[in-house]
Structure formats: structure tokens, C-alpha cells
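Chemist: Mind looking over this structure? Questions follow.
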Amino acid sequence: MCANCRDTESLKHYNATGDKYETDFDCGWENGLICATHTNGKTCKDYEVKFKCPTIGTCPECAKWTPWLNREHGGLQDRELVGPEGHNPCSDHEPLDIQCRVRGTNQPWDQAGQKIRVKCTPSEGFACDIADQQIEQNCYDYEVRFLCP
């Protein structure tokens with residue numbers, strides 16, 4: 001399952017609005033999105049959250065994982081995004097699921113200890129940016145794979 005969050009007025013992705021979000025409530029399908037004035041320092045924009053539940057239909061064995069994909073190689077950023085300027089892993093079908101990990105170590109992205117801008121969703125992909133990291137820490141080299149219908 002995945003979540004898509006955006007500003008209802010500008011339709012911008014939630015990360016592009018400049019608002020700050022509660023820890024662990026930043027557009028994940030587990031917890032949704034919470035922007036609170038005390039965290040943001042100002043009134044939050046009005047957001048909408050859309051949840052999508054994956055359906056494989058009557059043929060779950062028909063869904064297949066892609067090979068591991070890696071467009072960027074860490075450093076200042078690592079963006080493994082879905083869309084026109086990113087991956088099109090399922091031949092114009094929306095991916096059902098995604099897995100993201102550190103290349104070489106196979107460590108899951110959420111155990112790598114880095115702050116992640118786009119959090120491993122099948123509709124958006126994955127993105128790490130050095131601006132979100134601790135001082136003098138580059139983004140690791142991440143790779144992704146998608147479950148395609």
C-alpha cells in the first residue's frame with residue numbers, strides 16, 4: 001500500500017511546500033501525514049492524503065519483481081524516482097510495491113540511519129538529499145526494485 005500527500009491548493013507534493021511534519025507522520029501509509037503549528041512554526045497548508053491498496057487480482061503469481069535498479073550513485077543525492085524523469089519499471093502500469101536498500105550491503109533503507117526525503121513508495125520511488133543529513137554525511141548509494149502486475 002502507498003500514500004500520496006499534496007497541498008490541496010497548489011497540488012504540490014508535500015515535500016515541496018516548505019512545511020515541517022511530525023516525526024514518523026510524514027506521508028507514510030502506516031501513519032499518514034501530520035503537520036502541526038507547534039512543529040511547523042506557522043499555520044500548515046491544507047493537505048490531502050490518498051491511500052492506494054495494491055491489488056494483484058486473481059493471479060498473484062503473475063506479479064513479478066524487476067531487477068534491482070540504480071540510476072544515481074549516492075553522494076549529494078540519490079533519487080530513484082518513478083515517472084518521466086525516473087524509472088518506468090512496469091511498462092506504463094503503476095507498480096504494486098517497491099523495495100529499497102543500500103547497494104552493496106543490502107541493508108533496508110529504513111535501517112540505514114539516514115533522513116529520507118521520498119520514503120520508498122511505489123508511486124513516487126525513493127530520494128535521499130545531502131541537505132537532510134547530518135553534517136559531512138553523503139547519501140548512501142540506494143537501489144530499488146518494483147513489483148509489477
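Chemist: Where in segment 74-149 are there strands (runs of 3 or more DSSP E), lying wholly inside it, with at least 3 residues that are farther than 20 Å from residue 15 by Cα?
Modeler: On the way: elements: 77-81, 97-102, 118-121, 125-129, 142-148.
So the answer is 97-102, 142-148.
Chemist: Go through segment 78-87 and count every residue that is modelled with pLDDT of 80 or more and surrounded by fewer than 16 Cβ atoms within 10 Å (Cβ to Cβ).
Modeler: Here the count works out to 0.
Chemist: Additional query: All but one of (1) out of contact with any strand residue (DSSP E or B) (no Cβ under 8 Å at 6 or more places or on another chain); (2) on the phi > 0 side of the Ramachandran plot hold for residue 22, so report the exception by its number.
Modeler: That leaves (2) as the condition not met.
Chemist: While we're here: In contact with a Pro (Cβ under 8 Å, 6 or more places away or on another chain) and modelled with pLDDT of 85 or more: which single residue out of 66, 39, 43, 17 fits that description?
Modeler: The conditions single out 66.
Chemist: Could you tell me which residue of segment 95-128 is surrounded by the most Cβ atoms within 10 Å (Cβ to Cβ), considering only residues that are at pLDDT below 90, over 13 Å from the mean Cα position of the chain (by Cα) and aliphatic (A, V, I, L, M)?
Modeler: By that ranking, first place goes to 96.
The values are calculated or read from the model by the stated rules, or taken from the named source; none is laboratory data. All values reported here derive from a predicted model rather than from experimental measurement. Glycine gets a Cβ as well: all are built from the backbone with ideal geometry, and neighbour counts include every protein chain shown.
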